[in-house]
Amino acid sequence: MSEEANPFESLQEQIDDAAAYLDVDDDILERLKHPERVLELNLSVDMDDGSRRRFEAFRSQFNGDRGPYKGGIRYHPNVSRDEVKALSGWMVYKCAVVDIPYGGGKGGIVIDPKEHSAAELERVTRSFAKELRPLIGEDRDIPAPDVNTGQREMNWIKDTYEKLEHTTAPGVVTGKAISSGGSEGRVEATGRSTMLTAREAFDYLDKEIEGATVAVQGYGNAGSVAARLLEDIGADVVAVSDSSGAVYDESGLDAVAVKEFKRDTGSVTGYEDAAEELSNEELLTLDVDLLIPAALENAIDGDLAEDVRADVVVEAANGPLTPDADDVLTERDVYVLPDILANAGGVTVSYFEWVQNRQRFYWTEERVNDELERVITEAFDTLTDAYESHDLPNFRTAAYVVALQRVVDAYTDNGNWP
Ligand code: NAD
């Protein structure tokens, strides 16, 4: 993994690349390349052994021109201010490309959750939620899960907020458990939009998804669901990895069985029905039809991109390719379907969850999945229209052209009141 690429600079470069095809004033662009505000915190939390520890935490509200700030909260030892800023910016353009009425935000805590008990994580999460209370709210800023957070953490945040506000406000966070106001289909939504994007892309490129070989880097929520759903539409998942390594079988793995193995043992490595174990780097350069990076940022840099042998890359993770990698893959005619479309299922079903919370009326899973399919296929068509009509170099630039224009329009229509 490249150490050099700063994700915030990658984001700014992606916006500049798109702006080159649009008529946007430089001063507006300057605003849309920087967060409106970033909260930096030091949480002081009691540990089980009686000691007290400090945890750095951030919440970036990047842009609210199209609606409340929206974005996940990440728990990871490498969380940094710039990473959170970048992730919050990607949320702005992600919500815009699928045309849901949100701006973008993101949060993170510098913590390795594996080192902490559930009780410690609850105290850390509730401490963060207490500090976030003045900023968040159903109409202000709506957190969601990200790496190493899930329904449990969202329920703690919701509960802390509601107790402090003496109200019920289930729409203050999304990604909750169904029993706390979560939506059917939310857990699967990111992997589902990854599958839908791959399906649409293969169709657009006149390639067969049935029988296509697939490698998935990162076998967590996004990656494992994408693998299973791709398998359901006939693709052949041949390799998957997690932070401990990769497993490969050219005759195909059983996506569900590998997931169960990982759940039981903590890792995909050692899965007995795989023919071979590979390094993470080897997985990224396998000769497959479809590569899905579904782990973290900067998984593929310019050097590694020279060795990528997949025909199509669909980004389930946020920012898995550095701008250099993007340039190399564009030059080598490898089609990359960008994160802001491919993993937008998570935020889209979060939006459905929030709509259901506001209406206190809950949908069936079938309705959620149908509405998600409509949103992703419409966004895909808008993206490919822009790709063709502006004669753009790649699908990422097309996605940013569509999204940036929508954000610029909203900002211009709102006017600039201090
Ligand atoms: P997760 O924690 O469930 O899974 C991440 C997986 O990546 C884990 O299996 C981990 O072992 C693996 N991993 C970490 N480093 C790796 C490496 N170097 N090589 C191979 N595997 C590695 O997280 P997630 O929710 O699936 O998120 C994954 C990515 O998808 C992130 O970029 C996240 O921002 C993005 N995303 C997730 C959602 C969502 O709803 N879960 C929505 C949008 C985007």
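The values are calculated or read from the model by the stated rules, or taken from the named source; none is laboratory data. This one's a predicted model, so the numbers in the text were calculated from it and none came from an experiment. Glycine gets a Cβ as well: all are built from the backbone with ideal geometry, and neighbour counts include every protein chain shown. All accessible areas refer to the heavy atoms of the entire protein, side chains included, with ligands and DNA or RNA removed. Shrake-Rupley method; radii C 1.70, N 1.55, O 1.52, S 1.80 Å.
The figures follow:
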item: Percent of Cα pairs exceeding the 43 Å cut-off, where the set is the chain; result: 7
item: Mean separation of Cα contacts under 8 Å, 6 or more apart, over the residue count of the chain: relative contact order %; result: 17
item: Carbon + sulfur, % of accessible area of segment 259-418 - ligands and nucleic acids excluded, 1.4 Å; result: 41
item: Part-to-part distance (alpha-carbon centres) for segment 154-187 and segment 234-281, which is given in Å; result: 34
item: Percent accessible area from carbon and sulfur atoms, segment 37-179, protein chains only, probe 1.4 Å; result: 44
item: Accessible surface of VAL288 - all protein chains present, 1.4 Å probe, nearest 10 Å²; result: 10
item: Entries of LYS106/LYS259; LYS94/LYS158; LYS94/LYS207; LYS163/LYS259; LYS33/LYS207 with Cα pairs more than 30 Å apart; result: LYS163/LYS259; LYS33/LYS207
item: Euclidean distance of C-alpha centroids, segment 74-140 and segment 16-33, integer Å; result: 26
item: Mean ellipticity per residue at 222 nm, deg cm²/dmol - from DSSP H runs of n ≥ 4 across the chain, formula -39500 (n - 2.57); result: -14500 deg cm²/dmol
item: Rounded to the nearest 20 debye, dipole of segment 16-138 from Cβ charges on Lys, Arg, Asp, Glu; result: 540
item: Given charges at Cβ of Lys, Arg, Asp, Glu: segment 230-328 dipole, positive-most of TYR271, ALA310, PRO320; result: TYR271
item: Mean accessible surface per residue for the chain, computed with a 1.4 Å probe while every protein chain stays in place, in Å²; result: 40
item: Summed side-chain charge close to THR412 - residues other than THR412 whose Cβ falls under 10 Å, Lys, Arg +1, Asp, Glu -1; result: -4
item: Dipole moment magnitude, nearest 20 debye, the chain about Cα centre, only Lys, Arg, Asp, Glu C-beta charged; result: 2680
item: Cα gyration tensor shape of segment 266-418, rounded if a/c is under 1.5, else prolate or oblate by comparing a/b with b/c; result: oblate
item: Environment charge at LEU341 (Cβ cut-off 15 Å; Lys +1, Arg +1, Asp -1, Glu -1); result: -4
item: Under DSSP loop assignment and at most 14 Cβ neighbours within 10 Å, longest GluC sites (Glu not before Pro)-free interval of the chain; result: 5-207
